Every structure is written in structure tokens, then in C-alpha cells.
């Protein structure tokens, strides 16, 4: 456990120390801080007890109104339990930082969160160090600084913090604030993945499957992807579906591929929605169903997926799962081409020669309107 005591004086009064211990014990037992408790009376009381425990005065700070705000699901939910290695004073500082960061019992204030997390981080609290790394990485409450982010991630990673190991790996992979070193990045991903961190498991799996940084090992890559997929990580579920579809690192099994695509698609993954649409379109791993294909292509197309938009164009052109309509076929082909589909570009040019000028003008207007609506509700009964 890293333990470099801050030079900033910090003390507890005995009576307040007892109150803090009781409060933290209550939080640990029923998970009140970020769990079900939402009482407007209890949170301010808890905050005042915690704040009163510190001898350092905390003047109110202005919220950074223009700072990028990350919700709980964007920043991994922080650890709330006090570990045996945590000093009581340091852990209180960490919890104060969280309360300011998330705005529980106190007005959300990223600058104050940084202040308290700094105190905890300098005293070796690895969760505070990892949290500070993310704030510097994304410029939340502080000016974005990859070098300082790397410093905090590295301190937490050396103590075995899985998320910090993953993030310092990202910095090494991209050369942000540190010298670029993809091999060291993979080493850090592997350490994080072995501790069960889902993002590291996914990225390590992809790296092993692709073989661009280290020697290709599709079988081991598939194992790591499956670990993440089984935890519900949609990107791994989608990737695993592709591996089963083509038999890469696993025995080819179209039904299993469809199962993984469906799990990811139900979470809104556009690639999985597209591949599930393809499965229904061609009847691979599932009974052929043009209407089913249309459903999944539309969902992917609404997220700007060029290939799904291109296949929607084909379905409107051929009247598969939907009434034949050259105008809507052209609309989707034009949108797909604008999103980079070369096949859709060729289809679009071919269709232009077969359409009347008035039809072409109307189709172009539909495409423009659909783009303006970010591909939402771009169908006959909604335009």
C-alpha cells in the first residue's frame, strides 16, 4: 500500500471520529450513499458530519457549470467499501470527494471534489487516485492534462487497481502524456483483465484476435471476449457473434452467433443490429424473415450505420419485407453513400439514371430531411 502522508495537517476530534465510524458502518451495511436511500434530510446530515470531522476548513466552491458532466454509468461506479488498507481519515476524504462529485447531500462541485480526492490520493487511497486520473483525463473540474492523469493512474495501478491499469494502458497505447508503448499497454490490459475488469478483457480479446500488436491468438482472444460478453458487455457480445459467424478462434456456429448478436442488439449495439438483420435476411442461424431483417436494419440505420442503410435501400428497391419504392430506396442509398458506403454510392448512381427528375428531387429532399432528423422516423407513414 502506497503511503505518502500529505503535509497538509488533518486531525479528528474523538467524538466526531466515532460519529464518522458509525455513519460509514451504516453506509457499508445498507449501501445508502449511492443505493436506495434518497432522503433529502439524511444526505445533508451525513455530509455535515463528514465535513465536520475534518479540521481543514472547506469554503464553498463555485460549480463548474461548463464542465463535462459524467453520469454514474459513464464513470465506473466507484468503490464505496472501506478496504483494510484504507486509513480512516483518508477514506473519509475520498467519500467527501465522491459526495461533491455526484452531488449527494451537497451541491455538485467538481473543484471541491478534486480538493478532497487530492487529499485522499496523496495519502495513497487508490480509488481516489484512479478517480483523479479520470478527471484529469477528461477535464472534469480541472484542466485536461494527460501527463497528470497518467501520474494518478500509475500510482493506483501499482497498487493493483484494475481500472487504473486499464486506463494507464490506454495512455501508453495512444501515447497520451507518456511515451507511446503498445506492448506495455497490452501488458497493463492483461493485468486488468486478469482481475476481471470487463473493458480490459474486451480490448485484450480484440488485440489477440487482430494480432496487430502482439502475435495473433484468436482462440485466447475469443476466451477473453467471452468472459466480457458473459458479463453483459455488448461490444464483446457483438464481436463474439462475428467470431462464431466466421469460425475464428471458435467452432463456426451460426445459431450461437445469432444468440450473441441478439444479446448485443437488444442493448442497442448498431453493429449487432446490422448483423442480426443480415442473419434474418439470408436465413443464417435463424429462419429467413425479411420483416425481421427490416426491423433490425432500421434500428441500425437510425444510428447512422452505413451498411444497414445500404441494405435498407436494397430492400425498398426489391420490395423485400416492405412495399417496393424507388424513392425510398434512393433516399437510403444516398444516406449510406454519404456515410461512406461505396456499394451504396454505385447503387445510387445507377438509380439516378432510372428516375424521373421530379422523383429524384423528392428523393433528395427526403434524404436531406431524414439526415436533419438524425435518421429517425424516415418512413412513409412518418414523413
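The values are calculated or read from the model by the stated rules, or taken from the named source; none is laboratory data. Bear in mind that the values here come from a model prediction, so they are computed numbers and not experimental data. Glycine gets a Cβ as well: all are built from the backbone with ideal geometry, and neighbour counts include every protein chain shown.
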Among (1) more than 16 Å from the chain's Cα centre (by Cα); (2) part of a helix (DSSP H, G or I); (3) touching a residue at least 24 places away in the same chain (Cβ under 8 Å); (4) farther than 29 Å from residue 293 by Cα, where does residue 187 come up short?
(3)
Report yes if residue 231 is surrounded by fewer than 17 Cβ atoms within 10 Å (Cβ to Cβ) and at pLDDT 95 or above, otherwise no.
no
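Here are 145, 118, 93: which of them is more than 26 Å from residue 193 (Cβ to Cβ) and buried (at least 24 other Cβ atoms within 10 Å of the Cβ)?
Working: 145 fails: buried (at least 24 other Cβ atoms within 10 Å of the Cβ); 118 fails: buried (at least 24 other Cβ atoms within 10 Å of the Cβ).
Step by step, each of 145, 118, 93 is checked, and only 93 is more than 26 Å from residue 193 (Cβ to Cβ) and buried (at least 24 other Cβ atoms within 10 Å of the Cβ).
What about residue 226, is it farther than 26 Å from residue 126 by Cα and surrounded by 18 or more Cβ atoms within 10 Å (Cβ to Cβ)? First the steps, then the outcome.
Numbers: farther than 26 Å from residue 126 by Cα: yes; surrounded by 18 or more Cβ atoms within 10 Å (Cβ to Cβ): yes.
Taking the combined requirement at face value, the residue satisfies it.
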Limited to region 179-205, what total is found for residues that are buried (at least 18 other Cβ atoms within 10 Å of the Cβ) and more than 16 Å from residue 130 (Cβ to Cβ)?
9
Residue 176 is checked against (1) in contact (Cβ under 8 Å) with a residue 12 or more places away in the chain; (2) surrounded by fewer than 17 Cβ atoms within 10 Å (Cβ to Cβ); (3) more than 20 Å from the chain's Cα centre (by Cα); (4) not assigned by TED's automatic domain parsing to the domain that holds residue 268 and fails just one. What number does that condition carry?
(3)
